[in-house]
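Written below as structure tokens is the structure these notes are about.
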Amino acid sequence: MEAVLAGRIMQRCRTSFLAEAVGRRRALLVGEGPGRLLVELLRTAPDIEVTVVEQSPGMIREAKSRIEKKGLHACRVEFLAVDALTWNPCVRGFDLIVTHFFLDCFGPVELESLIGKLGDSATDDARWLLGDFCIPKRGWRRFRALAIHATMYAFFRAATGLSARRLTPPDDFLRNAGFQLVERRLFSLGLIHSDQWVRRAP
Ligand SMILES: C[S@@+](CC[C@H](N)C(=O)[O-])C[C@H]1O[C@@H](n2cnc3c(N)ncnc32)[C@H](O)[C@@H]1O
């Protein structure tokens, strides 16, 4: 997808709200893949401690090598090669959660349980940064996005055994977990969004 969709747009989406990480103490990155956001986070927030939950050991190896190539130190990063769906995080441990191009891998049942669980691991003032694909509400951009999504899900279901058949917007589940959308930025004619959600004490 990185190659097809012009990697620069996806990276702009990932790093769009990175400034919000400054001053955060403990970050949880789930489904981080090869570490494209991770290296930027380590640069931007030099004191932050990071836990990466990524089920693919190959992706973790790539992320570690990316950290090394950029001259950064992996000692602030804990890598867990586990399935996020069955992993049990510590309660109220993280003040930053980042999920880029990850939540769209799941159908509604898995997504609700996953977001509930990650929400339990977040502090009362946590931020949740996420980037994902989305579908514009109307017009030709909507039809363009629907066609791209159908192709994408068919491809990834065949190539990786992806369980989701279509995109499930995570918004309601995030609200149920106590988060409010602060800002949404759209990229590639509304095909991709980058969000900043914040949990506020009731
Ligand atoms: C589409 S890639 C996105 C990677 C990266 N976040 C990015 O921005 O490019 C999804 C990543 O989530 C990981 N993943 C998928 N299901 C997972 C699960 N249940 N638990 C942990 N990681 C998972 C995959 O191995 C893959 O690296």
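The values are calculated or read from the model by the stated rules, or taken from the named source; none is laboratory data. Values in this document were obtained by computation on a predicted structure and should not be read as measured data. We place every Cβ from the backbone using ideal geometry, glycine too, and count neighbours over all the protein chains shown. Note: areas computed on protein heavy atoms with side chains; ligands, DNA, RNA excluded. Shrake-Rupley method; radii C 1.70, N 1.55, O 1.52, S 1.80 Å.
Which of the residues that make up region 92-144 are part of a loop (DSSP other than H, G, I, E, B) and either within 15 Å of the ligand (Cβ to nearest atom) or open to solvent by 20 Å² or more (accessible area, probe 1.4 Å) (or both)?
Narrowing region 92-144 to residues part of a loop (DSSP other than H, G, I, E, B): 92-93, 101-102, 106-107, 121, 134-138.
Once the filter is applied, which keeps residues that are part of a loop (DSSP other than H, G, I, E, B) and either within 15 Å of the ligand (Cβ to nearest atom) or open to solvent by 20 Å² or more (accessible area, probe 1.4 Å) (or both), region 92-144 yields R92, F101, F102, F106, G107, S121, C134, I135, P136, K137, R138.
The single condition from (1) within 24 Å of L174 (Cβ to Cβ); (2) within 15 Å of the ligand (Cβ to nearest atom); (3) touching a strand residue (DSSP E or B) at 6+ places or on another chain (Cβ under 7 Å); (4) outside any helix (DSSP H, G or I) that F79 fails is (1).
Name the residue, out of T168, T151, that is in a helix (DSSP H, G or I), within 16 Å of the ligand (Cβ to nearest atom) and of a type in the set (S, T, N, Q). So the residue among T168, T151 that is in a helix (DSSP H, G or I), within 16 Å of the ligand (Cβ to nearest atom) and of a type in the set (S, T, N, Q) is T151. A residue that is touching a Lys or Arg at 6+ places or on another chain (Cβ under 7 Å), among the acidic types (D, E), in a strand (DSSP E or B) and free of Cβ contacts under 8 Å to residues at least 60 places away in the same chain can be found somewhere in region 49-60. Just one of the listed residues (E54, E62, E68, E20) is crowded, with 21+ Cβ neighbours inside 10 Å, at pLDDT 95 or above and among the acidic types (D, E), and it is E54. Taking residues in region 101-126 that are modelled with pLDDT of 95 or more, and partners anywhere that are among the acidic types (D, E) and more than 11 Å from the ligand (Cβ to nearest atom), the pairs with Cβ atoms closer than 7 Å and at least 6 places apart or on different chains are T123/D95; D125/D95; A126/D95.
Please determine, by comparing only the residues of region 1-17 that are near the ligand (Cβ under 8 Å from one of its atoms) and open to solvent by less than 40 Å² (accessible area, probe 1.4 Å), which one is modelled with the highest pLDDT. First the steps, then the outcome.
Just the residues of region 1-17 that are near the ligand (Cβ under 8 Å from one of its atoms), to begin with: 1-2, 10, 14.
With open to solvent by less than 40 Å² (accessible area, probe 1.4 Å) added as a condition, the list becomes 10, 14.
On the way: M10: 92, R14: 96.
The residue in question is R14.
Of everything in region 21-36, what is more than 16 Å from A84 (Cβ to Cβ) and within 8 Å of the ligand (Cβ to nearest atom)? Give them in sequence order. P34, R36 - these are the residues of region 21-36 that are more than 16 Å from A84 (Cβ to Cβ) and within 8 Å of the ligand (Cβ to nearest atom).
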